[in-house]
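Everything below concerns the one structure shown next.
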Amino acid sequence: MVYFNVKGGDIVKLRRPDYNQSILNVSNTFLHHYGVETEYKGIKELEDKLQSNTYNHIIYILLDGMGANIVNKHLTKEDALRKYMVKPITSVFPPTTVAATNSVLSGLPPISTGYLGWVQYFEEEQSDVAVFLNRDFYDASITFDHIVREKYLSYDNILVRSKAVNKDLHTSIIFPEYIEQGTAKSFDHGIEQVLMKTHNTDESFTYLYWVQPDLIEHQKGIYSDEVRDMLQSLNKSFESLIENITDDTLVVCIADHGLTDVEEINLFKYENIVKMLERKPSIEPRAINFFVKDEYKDAFPIEFNKEFKDIYNLFTKEDLLKAELFGKGVQHPCVDMFLGDYLAIAVDKYMLGINDKKIYKAHHAGLTEDEMMVPLIIYSKK
């Protein structure tokens, strides 16, 4: 559903996630293909492709932050990442790496995975944990002797679930080498590893994740020359991949989310709001979670909306869950712990900074179309 924010300065196009036409549904299409029963729909165009031919090898690529907006902006109609884009689909909510990549890898919406954003408060750990970094977000000296996300939020990924039904299927995940168990030194190196899987096995399902163009977008902004150069480099690598696949290989490429250019506002300068908080904010700067002191439960929304009503939509926890922005499904038992009393979602170009150690020119996790829409790219030689 498309709607507009007309309260601020510029008119901004907004979009909710569509959990029938999203990255979640791409993963469920593959689960259906491998005979795994799920409660979520597939994507018709991908289902038709899989049914029209026999593919012994499936390559599933996720390029972090490659929204449909920058594909259309920085690539020509003859560039493969744009040429073979079947259509744009939505991310999940919030459209951010922690929530979205785990929905892709699990085949489940955030409401069911419990992965909601970069920073999540774990009560038993007494910490606002940066989920992927496994340390406290506000105090980097606080670390853990265990991997917090694995203790509370583990699941069987789509490759494990697919192999459980297809014993001869060779499955693998290729991450950048700086990630735990990652092996790819570059996107090209990851592609080399993917091609080895398809050429040396009878049947394979391979997932390749790469961190660009997200990193450069954060630093330079979505319309920068640097982002254009990165898109063109990624496209060149992708074209090399599809030139070298076998005839029985299907390549599907998506992104976890897009980004939009932002202007940052330091939330901590608003002492009238900060004094009301039980603890520091969490989840994401553009999907910002507040635990409010009991004595300020009624006053907080009044004060917050007085300052930010034109650029953020404020939800109570109850209304947020009722809106099903996190998707439909069995609610993960940790969701109640992660969600505070209120969640504010960005609907304009502004971002409430919750950590002044970094400066961002673009960000994500809000409800603008640029953040929500990603490409569905499908290619095979057949």
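Computed from the coordinates by the stated procedures, all read-outs in this text should not be read as laboratory data. Just so it is clear, the structure is predicted and the values come from calculations on it, not from any experiment. Using ideal geometry, Cβ is built from the backbone for each residue, glycine included, and neighbour counts are taken over all protein chains shown.
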Notebook entry, point to check: Which translational diffusion coefficient, to the nearest whole µm²/s, is obtained for the range 263-359 from the Stokes-Einstein equation, given a Kirkwood hydrodynamic radius over C-alpha pairs, 25 °C and 0.890 mPa s?
Noted result: 176
Item checked: Candidates V104, V36, V165: whichever shows maximal mean-square fluctuation once the chain is modelled as a Gaussian network with Cα springs under 10 Å -> V165
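Could you give the size of the charge dipole of the range 86-185 about its Cα centre, using +1 on the Cβ of each K and R and -1 on the Cβ of each D and E, expressed in debye and rounded to the nearest 20?
Working: 8 positive and 12 negative charges, 138 e Å.
The calculated dipole for the range 86-185 is roughly 660 debye.
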Next item on the list: For the chain, find the longest principal axis of its Cα atoms and tell me its angle to the long axis of helix 23-33, 0 to 90°, nearest 10.
Entry: 40
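In units of 2.2 N^0.38 Å, what is the alpha-carbon radius of gyration of the range 128-280?
Details: Rg = 20.1 Å, N = 153, 2.2 N^0.38 = 14.9 Å.
In units of the globular-protein estimate, the range 128-280 measures up at 1.35.
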Check: Relative to the compact globular guide of 2.2 N^0.38 Å, what is the alpha carbon radius of gyration of the chain, as a ratio?
Finding: 0.98
Checklist line | Within the range 82-145: Cβ-based charge dipole about Cα centre, in debye rounded to nearest 20 (Lys, Arg +1; Asp, Glu -1) | finding: 860
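Given the DSSP H assignment, sum -39500 (n - 2.57) over each helix run of at least 4 residues in the chain and divide by its residue total; what's the result at 222 nm in deg cm²/dmol, nearest 500? Could the numbers behind the result be given before it?
On the way: 16 runs with 129 residues, N = 382.
When only DSSP H runs of four or more count, the value is -9000 deg cm²/dmol.
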Check: Roughly how many debye, to the nearest 20, is the charge dipole of the range 263-359 about its Cα centre, given +1 on each Lys and Arg Cβ, -1 on each Asp and Glu Cβ, and no other charges?
Finding: 260
Check: By count of other Cβ within 10 Å, fewest leading, how are H364, H257 ordered?
Finding: H257, H364
Item checked: Cα-based convex hull, the range 194-235, per residue volume (Å³, whole number) -> 72
Next item on the list: Count the DSSP beta bridges whose two residues both fall in the chain, then state the antiparallel fraction as a percent rounded to the nearest 5.
Entry: 60
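When only Cα pairs under 8 Å and 6 or more residues apart are kept, what is the percent relative contact order across the range 263-359?
On the way: 120 pairs, mean separation 43.0, N = 97.
Relative contact order comes out at 44 percent.
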Item checked: Total formal charge among the other residues, if their Cβ is under 11 angstrom from that of V262, Lys/Arg +1 and Asp/Glu -1 -> -4
Item checked: Alpha carbon centroid spacing (whole Å) that separates the range 310-370 from the range 41-116 -> 21
Checklist line | For the chain: relative contact order, % (alpha-carbon pairs under 8 angstrom, 6 or more apart) | finding: 28
Item checked: log₁₀ of I(q)/I(0) at q = 0.11, 0.18 Å⁻¹ - the range 86-190, Debye sum with one point per alpha carbon -> -0.43, -1.07
